[in-house]
1. Using Cα pairs closer than 8 Å and at least 6 residues apart in sequence, work out the relative contact order for the stretch 9-297, in percent.
2. For a protection proxy built on the mean count of beta-carbon atoms within 10 angstrom, sort 216-227, 330-341, 253-264 highest first, please.
3. What FRET efficiency comes out for Ser365 versus Ala153 if R0 is 41 angstrom and r is the Cβ-Cβ distance? Round to the nearest 0.05.
4. With a point put 7 Å past each Cα toward its Cβ, work out how far Ala90 is from Val103 in nm, to one decimal.
5. Got a sec? Charge dipole of the stretch 9-297, +1 on Cβ for Lys and Arg, -1 for Asp and Glu; which of Met16, Gly112, Leu284 is way out at the positive end?
6. Using the Cα gyration tensor of the stretch 9-297, with a ≥ b ≥ c the square roots of its eigenvalues, what is the shape: rounded (a/c below 1.5), prolate (a/b larger than b/c) or oblate (neither)?
7. By how many nm would the segment from Val336 to Gln262 lengthen if fully extended, with 0.36 nm per residue of separation less the alpha-carbon distance?
8. Taking 0.36 nm per residue of sequence separation and subtracting the Cα-Cα distance, how much length would be gained by fully extending the chain between Asp235 and Lys195, in nm to one decimal?
Amino acid sequence: MENPLKPSPAVAQRLMSLDALRGFDMFWILGMEELAAAVGHASAAPWAQFFASQLSHVSWAGFHFLDLIFPLFVFIAGVSSVFSLEKSLAVRGRAGTFRKLLVRAVVLYALGLWCYGGISKGVDEIRWLGVLQRIAIAGLAAGAAYLFLGRRARWGLCAGLLVGYWALMTFVPVPGGAAGDFTEGRNLANWIDSKYLPGFKWNGDHDPEGLLSTLPAVASALLGVFAGEWLRRSDRTGERKAVGLLVAGVVLTAAGWLWHLQFPVIKNLWTSSFVLVAGGYSCLLLAAFYWVIDVSGIKGWATPFVWVGMNPITLYLTHYFVKYEDVAKRLGGGPVAGSLGHWAEAWIALLVVLLSLLLAWFLYSRRVFLRV
């Protein structure tokens, strides 16, 4: 009997939609946040204010488009891991594949430490948990689950993480406070960070990528793993796979917003409802990209996103040691920017985005793919 999880010839090829979606996700943090803010400052028009608001994070509870960018990347990492781990299993076996997974996580974690300054400000100012560190930990945990657990056990682990985190946050009282208080600084996750997370913390005595909230982040990566397993099936047509992702996206999003009524959607706490909402939107985007690019074959429009998606970590890291804004001002500042009035800031921000795309194109055209 044919194994339904064995990839069909079409799926065995690299999914352009996955590279394009990864690039689409990364595109919004390569200067678009600054561009949206500048447009919002330059114009009071409703469209400009909407653009600016959606490319800014909500202050606490709720959801803007920018709040999707980070969990979408974790989700995509989970999807990609299914394909990369299966390829590695065929060559290295389970033990060798896990070693590769572990080394990748360690390197990514170390890059995260470096991005936030490493030990330049002293050991006490190291940011032990951050964006890349969370991706490293969640990716390692989800990858290990894929390698060593059966499918039902993985689903059970995901559900256990979400329900367990909800139970801890809802029923465990914070010393000096009350159980079920999700306000900033008064919840269990923030309290644990203040007591047990050493080094620099992004929000004073707690961190949005803190200790306890790492648990539901693993569930975000597992949702990606489930989507990747679905895409690898050989007993489903491309159309059926796209519809399956669409249905999953609708169900997850609805379930997350229903859970929001008791356990609010809060990115800074990575609440279980936030995992479902972000996972639902991620499934919907993956369904759309997969349907348009890989099923319908409409690919040209996605080319710039593929450029970015093939070197996401490289492009992300360059913004830590290249002053793109200074380069943009040298190219388009002075009289050019001065003549634009209130739109000068937006012009410079746009140039930063274009410079990032230019670098992505250059690396892609030279077949330079720097992966962790």
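FYI, it's all coordinate maths here, none of it is from the lab. From a predicted model like this one, the values you see are computed outputs, not experimental measurements. Cβ placement follows ideal geometry from the backbone for every residue including glycine, while neighbour counts extend to all protein chains displayed.
1. Working: 414 pairs, mean separation 67.8, N = 289.
Worked out over the stretch 9-297, it gives 23 percent.
2. Details: 216-227: 26.5, 330-341: 12.2, 253-264: 16.1.
Top to bottom by mean Cβ count within 10 Å: 216-227, 253-264, 330-341.
3. Working: r = 44 Å, r/R0 = 1.07.
That gives a FRET efficiency of 0.40.
4. 2.1
5. Result: Met16, furthest along the dipole toward the positive end.
6. Numbers: a/c = 1.45, a/b = 1.22, b/c = 1.19.
Cα axes put the stretch 9-297 in the rounded bin.
7. That works out to 21.4 nm of additional length.
8. Working: separation 40, 0.36 × 40 = 14.40 nm, distance 5.05 nm.
Once the chain is fully extended between Asp235 and Lys195, it gains 9.3 nm.
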